[in-house]
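Report on one structure; see the data block that follows.
The values are calculated or read from the model by the stated rules, or taken from the named source; none is laboratory data. None of the values given here were measured: they were computed from a predicted structure. In this analysis, Cβ positions are derived from the backbone assuming ideal geometry, glycine residues included, and neighbour counts consider all displayed protein chains.
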């Protein structure tokens, strides 16, 4: 059948079928009329009621397909993000569960330097108290034996 022998409704049905076959094509009355190369005002006629119903049905199906496609893309994206997050969590668990030998040595070094600093500060305070207040301190235990406030030698 050639296109000259097809009626307006048949031309529109062929155009609708072509739009349905293209998964990215937008389906509406204007698109079908443009593709069929007929006026979209024909849809007002009672004889075009069936094709108009077919277009509306195809349009709803296409909208649902596009919505499903966007949901599938979102699900895929979220699955990828979830896997990345699981990988990061696993790395953090492995890292935080047991420090490496190098990290342990660095922490020990910091603690020892802090301890030496505290002992030095303690010795400085002890000698300052001894000089200022004539305090007797037991060197072994660090116990204060005698204090004479306000008196100097």
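For the criterion of being closer than 30 Å to residue 21 by Cα and either in contact with a helix residue (DSSP H, G or I) (Cβ under 9 Å, 6 or more places away or on another chain) or modelled with pLDDT under 90 (or both), residue 62 passes.
Criterion first (closer than 30 Å to residue 138 by Cα and either touching a residue at least 40 places away in the same chain (Cβ under 8 Å) or not assigned by TED's automatic domain parsing to the domain that holds residue 11 (or both)) does residue 122 satisfy it? Please lay out each step first, then the result.
On the way: closer than 30 Å to residue 138 by Cα: yes; either touching a residue at least 40 places away in the same chain (Cβ under 8 Å) or not assigned by TED's automatic domain parsing to the domain that holds residue 11 (or both): yes.
Against the criterion (closer than 30 Å to residue 138 by Cα and either touching a residue at least 40 places away in the same chain (Cβ under 8 Å) or not assigned by TED's automatic domain parsing to the domain that holds residue 11 (or both)), residue 122 qualifies.
If you go through the range 15-39 and keep only what is more than 21 Å from residue 69 (Cβ to Cβ) and surrounded by 16 or more Cβ atoms within 10 Å (Cβ to Cβ), you end up with 15, 29, 32, 33, 35, 36, 38.
When restricted to residues that are surrounded by fewer than 10 Cβ atoms within 10 Å (Cβ to Cβ) and not in a helix (DSSP H, G or I), the range 88-142 contains 7.
Set side by side, the residues 67, 11 differ, and just one is assigned to a helix (DSSP H, G or I) and at pLDDT 90 or above, which is 67. Here residue 94 clears all of (1) farther than 30 Å from residue 16 by Cβ; (2) modelled with pLDDT of 90 or more except the condition numbered (2).
In the set (1) part of a helix (DSSP H, G or I); (2) in contact (Cβ under 8 Å) with a residue 12 or more places away in the chain, the condition left unmet by residue 38 is number (1).
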